[in-house]
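*Asks:* So that we are looking at the same thing, I have put the structure below in structure tokens.
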Amino acid sequence: MEPQDKQSHDKILIVDFGSQVTQLIARRVREEKVYCEIVPYQKAAEAFAAMKPKAVILSGGPASVLDKNAPFAPKEIFNAGVPVLGICYGEQAMAAQLGGTVEGGHHREFGRAEVLIVEDSALFEGVWKKGERYPVWMSHGDRVTALPKGFRVVGTSENAPIAMIADEARKFYATQFHLEVMHTPHGAALLRNFVRKIASARGDWTMRAFKDEAIEKIRKQVGRGKVICGLSGGVDSSVAAVLLHEAIGDQLTCVFVDHGLLRLGEAQKVVALFKGHYNIPLIHVDASATFLSALGGVTDPEEKRKTIGKLFIDVFDAEAKKIGGADFLAQGTLYPDVIESVSFTGGPSVTIKSHHNVGGLPARMKMKLVEPLRELFKDEVRALGRELGLPDVFVGRHPFPGPGLAIRCPGEITLEKLEILRLADEIYIEEIRRAGLYDDIWQAFAVILPVKTVGVMGDRRTYDFVVGLRAVQSTDGMTADFYAFDMAFLGRVATRIINEVKGVNRVVYDVTSKPPGTIEWE
């Protein structure tokens, strides 16, 4: 397979109105091996002209089309003769812009709902049948109450009589519910119909294509400059480092910072892989004393994240000066990091991944950011890692956050608590692997809770910490459901932790589901 130029791919443009799950639309499109880009609505006209996409998808968002300065799609999108799909707010924007009516003040609809299919449509051909009901995920206050000319209702719900609309002649479609989330079970199939059948987009965008294009993009951005890459030991930074090394060779120096918040044996594994296996220039910095001193007495999780992020930058800056200066700082920022940290639309998105420098580096630093994975989701990063030849022991690892054990140690961080946490976590993961469950779980980890409980062990009373265990299933890292261990497994893990980890007398398991939301625990 020859390297593919991104410009040769069929492309889908996703216009972002600020939904926190817009990136899941891109994920579904990419599952069809079709290239897509998300752009904020303010830049959609420019992007549409430059991309010449095969189709356009309008995302959801927090705004109301009834607002004075409500965001809308560029008119040229509707006049270009390309298929358009509106989702949630995207349906309301499409209806309002094309002459329909949207009203507020009706019964709101958030969460699980059912749609009744009342007419056939190309959007759900081969997936849904007329007269049948199907589960979907709703999230709206306003709703469409009058159709634009040329449209017909093809689906209804209890609180959205116009839940699905279609103009087959112009290939315009819209749904009030979210197709992209896992809670709409057939949503991916409907998006497949739109992308592959209605828009006739070719499925030729692969991880090999991404790798070839990313290498050329890195070389173009970096030129002859020097790059330092921050290694954390996780999948993201490991894949970024190997990709960068393939692109620019010895222009890259990796900096692995041991901040004292790593898992048991983490430092040795990272050094062995990158120095031994890949022979990538690697600087191993033991900055644990600096980090733990700065975190002393800090209990707020957001302050922990920001403290760690700032110290990381300070360490990288110091190391860059030692090697004669660096022009670029590379890191393994992913698409969810970007979406969760920055609102395209100025909406209510909160800063979640605040330890990532997605907004840029401090002004005092002369380095520029290189983020070669910025467009990818976690599963795509794993696929890229395999394409680059990374061993499965690294590619298949559960996500490990940049702040490390700091956010798995609620309350004040102490050396005693970190040691307890490392040992408990190691036992937990060891038992998961022994049971053959590791690859079935998206992420599993232990947490040391900021409380002590009274217990009786043998003939004496104890006053020790509580360890919490979490394991979740997820496909996108944005929504998560707890993993249903059997009680025998949990009992075995709890017994081992209590018996083998001094300072723990109780173990609890978290059965919280988070649709949608971050899957960290803090």
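*Asks:* Could you tell me which numbered condition THR184 fails, if it satisfies all but one of (1) within 27 Å of ILE38 (Cα to Cα); (2) in contact with a strand residue (DSSP E or B) (Cβ under 7 Å, 6 or more places away or on another chain); (3) at pLDDT 95 or above?
*Replies:* (3)
*Asks:* While we're looking at this one, here's another question. Suppose the filter is open to solvent by 30 Å² or more (accessible area, probe 1.4 Å) and in contact with a helix residue (DSSP H, G or I) (Cβ under 7 Å, 6 or more places away or on another chain); does ALA294 pass it?
*Replies:* Considered against the rule, which asks whether it is open to solvent by 30 Å² or more (accessible area, probe 1.4 Å) and in contact with a helix residue (DSSP H, G or I) (Cβ under 7 Å, 6 or more places away or on another chain), ALA294 comes out as yes.
*Asks:* Within the set of pairs 6 or more residues apart or between chains, which connect a residue that is farther than 15 Å from ILE12 by Cα inside the stretch 188-214 to a residue that is of a type in the set (Gly, Ala, Ser) and open to solvent by 30 Å² or more (accessible area, probe 1.4 Å) with Cβ atoms less than 7 Å apart?
*Replies:* Here the result reads MET207/ALA383, each pair linking the stretch 188-214 to a residue that is of a type in the set (Gly, Ala, Ser) and open to solvent by 30 Å² or more (accessible area, probe 1.4 Å).
*Asks:* If I filter the stretch 501-520 for residues that are more than 21 Å from the chain's Cα centre (by Cα), farther than 17 Å from VAL467 by Cα, at pLDDT 95 or above and not aromatic (Phe, Trp, Tyr), do I get at least one hit?
*Replies:* no
*Asks:* Working carefully through the options SER157, SER121, SER139, find the one that is in contact with a Cys (Cβ under 8 Å, 6 or more places away or on another chain) and of a type in the set (Ser, Thr, Tyr).
*Replies:* Among SER157, SER121, SER139, only SER139 is in contact with a Cys (Cβ under 8 Å, 6 or more places away or on another chain) and of a type in the set (Ser, Thr, Tyr).
*Asks:* On the given criteria, is ALA44 over 24 Å from the mean Cα position of the chain (by Cα) and under 26 Å from LEU376 (Cβ atoms)?
*Replies:* In short, no.
*Asks:* Separate question: Can you work out which of the residues in the stretch 123-137 that are of a type outside the set (D, E, K, R) and farther than 12 Å from MET164 by Cα is least open to solvent (accessible area, probe 1.4 Å)? So that I can check it myself, show each step before the final result.
*Replies:* Step one: of the stretch 123-137, the residues of a type outside the set (D, E, K, R) are 123-124, 126-128, 131, 134-137.
Retained after the next criterion (residues that are farther than 12 Å from MET164 by Cα): 126-128, 131, 134-135, 137.
Numbers: GLY126: 84, VAL127: 40, TRP128: 11, GLY131: 53, TYR134: 31, PRO135: 59, TRP137: 47 Å².
Among them, the one singled out is TRP128.
*Asks:* Looking at LEU384, LEU390, LEU405 in this structure, which one is part of a loop (DSSP other than H, G, I, E, B), under 25 Å from the mean Cα position of the chain (by Cα) and under 21 Å from VAL270 (Cβ atoms)?
*Replies:* After applying the criteria, what remains is LEU390.
*Asks:* Can you tell me which of ASP327, ASP337 is acidic (Asp, Glu) and in contact (Cβ under 8 Å) with a residue 40 or more places away in the chain?
*Replies:* Exactly one residue qualifies, and that residue is ASP327.
*Asks:* In addition: Looking at THR351, THR307, THR333, can you tell me which residue is farther than 24 Å from PHE274 by Cα and either modelled with pLDDT of 85 or more or buried (at least 22 other Cβ atoms within 10 Å of the Cβ) (or both)?
*Replies:* THR307
*Asks:* Are there strands (runs of 3 or more DSSP E) fully within the stretch 69-165 with at least 2 residues that are in contact with a helix residue (DSSP H, G or I) (Cβ under 6 Å, 6 or more places away or on another chain)? List them.
*Replies:* Those strands (runs of 3 or more DSSP E) span 84-87.
*Asks:* So is ARG224 in a loop (DSSP other than H, G, I, E, B), free of Cβ contacts under 8 Å to residues at least 60 places away in the same chain and surrounded by fewer than 19 Cβ atoms within 10 Å (Cβ to Cβ) or not?
*Replies:* yes
The values are calculated or read from the model by the stated rules, or taken from the named source; none is laboratory data. Predicted model, so just to flag it, every value in this text is computed and none were measured. Cβ coordinates were reconstructed from backbone atoms using ideal geometry, including for glycine residues, and neighbour counts include every protein chain displayed. For the accessible areas, the whole protein counts, side chains as well, though only heavy atoms, and no ligand, DNA or RNA atoms are used. Shrake-Rupley method; radii C 1.70, N 1.55, O 1.52, S 1.80 Å.
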